[in-house]
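In what follows, a structure is listed as structure tokens, so that the remarks can point back to it.
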Amino acid sequence: MPTVVNVAIHSSQFPENVRRDLLDSLRARQVNHKFHYDNIKQTQKWLLLHATLSPSRTDPDCAAAYERGFMAAACRIKTMRVHLAGLGCGGGQKDTRLLTLLQMAGREVFYTPADVSIAMVLEAVRIARSVVPAENCFPLVCDLASASDLPSVLDERSIPDAARLITFFGMIPNFEPEVILPRLAALVRPGDCLLLSANLAPGPDYAASAQSILPLYDNVLTRDWLMAFLLDLGVAANDGELRFRVEEVPAGSGLRRVAVFFHFLHPRSIEIDAHRFEFRAGESLRLFFSYRHTPALVGTMLGRHGLRVLDQWVTRSGEEGVFLISRD
């Protein structure tokens, strides 16, 4: 890792905008997911959680599904130069494996790791350094949900004569579909490839399957990671309890997600500068949600925004899928 890394910071993550988003989260009693990756401590907790429990790290069949997706994407690209934009790059392990395959195929690779967390972006840069020279790496910190000009930001970083490959691993479940899908579609130009993954509800009964995977979220590492945000705000662990449930959102849509709430058992005041937020006993604050899809749902949702699934790889457990996508 070089002693100096130049990281571009999008205005969506300027301090005044982050502060506004935090205040909005507390007013709405719905935490913006980006605040679970806000500092190095939270990032380290997430990386431990991911390394310990993520199927891509613990299930060889899931790792093989990603590998097949990587190979298909690498084979589809014919140019000698490839620019990989890793949206929600996390720790960068999957992107680095894909970059390695492209480099092994004789391609010159360029990499834009993009994440809401500067600690995540730096970790992705560190991991990718074994494949991508420093001058070919363009780290970007941004909020995908609010960076409406991200298509032009990425276009400005386009590499002449390079195909663009966009990755979006493990992210689509943690955004409202009506927010993230138009933004994602706007990024995919004709000729681009998009490789994304989604958490799935296994089996023929979607509603029952969504309920059956609830215990996968309720574990010590996830609880520790989610509670870090509240503890940093001054909430005491014994002020309440975490509650996990499956909900249908929007009501009547049939689409299910796992949601995690902190249910206050005792009153608590939270102060942010001059702003004071009172939480009464019996109130709940939503900390997290994760939609569960099916392969058919993924294809239908993307199709509404002009995106077409070219191929897909679903694990034998039916709990995760990797999808290769282009503009229709």
**Message:** Can you pull out every residue in region 22-56 that is charged (D, E, K, R) and without any contact (Cβ under 8 Å) to a residue 24 or more places away in the chain?
**Reply:** Asp24
**Item:** Residue check for Ser284: small (Gly, Ala, Ser) and at pLDDT 95 or above
**Value:** yes
**Fill in**
The condition of being outside any strand (DSSP E or B), among the polar types (S, T, N, Q) and farther than 26 Å from Val220 by Cβ holds, among Ser253, Ser269, only for Ser253
**Asked** Quick one: which of Leu285, Leu242, Leu196, Leu226 is in a strand (DSSP E or B), crowded, with 20+ Cβ neighbours inside 10 Å and either basic (Lys, Arg) or not assigned by TED's automatic domain parsing to the domain that holds Ile166 (or both)?
**Response** Leu285
**Request:** Output the residue which, of all residues in region 125-142 that are outside any loop (DSSP other than H, G, I, E, B), touching a residue at least 24 places away in the same chain (Cβ under 8 Å) and not aliphatic (A, V, I, L, M), is surrounded by the fewest Cβ atoms within 10 Å (Cβ to Cβ).
**Result:** Arg126
**Message:** Being modelled with pLDDT under 95, surrounded by 13 or more Cβ atoms within 10 Å (Cβ to Cβ) and within 18 Å of the chain's Cα centre (by Cα) is true for just one of Pro202, Pro177. Which residue is that?
**Reply:** Pro177
**Positions within region 133-144 being out of contact with any Ser or Thr (no Cβ under 8 Å at 6 or more places or on another chain) and either at positive phi or of a type in the set (A, V, I, L, M) (or both), in sequence order** = Ala134, Leu144
**Complete:** Selection over region 245-268 where residues are among the charged types (D, E, K, R), surrounded by 16 or more Cβ atoms within 10 Å (Cβ to Cβ) and under 19 Å from Phe288 (Cα atoms) yields a count of 2
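Is one or more of the residues making up region 160-168 part of a helix (DSSP H, G or I) and either outside the structural domain of Gly91 (by TED's automatic domain parsing) or within 12 Å of the chain's Cα centre (by Cα) (or both)?
Quick first cut of region 160-168, residues part of a helix (DSSP H, G or I) only: none.
Checked against the condition, which is being part of a helix (DSSP H, G or I) and either outside the structural domain of Gly91 (by TED's automatic domain parsing) or within 12 Å of the chain's Cα centre (by Cα) (or both), region 160-168 yields no hits at all.
Is it true that some residue in region 25-44 is of a type in the set (A, V, I, L, M), over 30 Å from Met104 (Cβ atoms), touching a His at 6+ places or on another chain (Cβ under 9 Å) and in the same structural domain as Leu310 (by TED's automatic domain parsing)?
yes
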**Request:** Output yes when any residue across region 269-277 is surrounded by 14 or more Cβ atoms within 10 Å (Cβ to Cβ) and touching a Lys or Arg at 6+ places or on another chain (Cβ under 6 Å), and no when none is.
**Result:** no
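Condition first: touching a residue at least 40 places away in the same chain (Cβ under 8 Å) and of a type outside the set (Ser, Thr, Tyr). Now tell me which residues in region 217-234 satisfy that.
At the first step, the residues of region 217-234 found to be touching a residue at least 40 places away in the same chain (Cβ under 8 Å) are 217, 219, 221-222, 224-226, 228-230, 232.
Answer for region 217-234, where residues must be touching a residue at least 40 places away in the same chain (Cβ under 8 Å) and of a type outside the set (Ser, Thr, Tyr): Asn219, Leu221, Asp224, Trp225, Leu226, Ala228, Phe229, Leu230, Asp232.
The values are calculated or read from the model by the stated rules, or taken from the named source; none is laboratory data. A quick note: this is a predicted structure, and the numbers were derived from the prediction, not measured. All Cβ positions, even for glycine, are placed from backbone atoms using ideal geometry, and neighbour counts span all protein chains on display.
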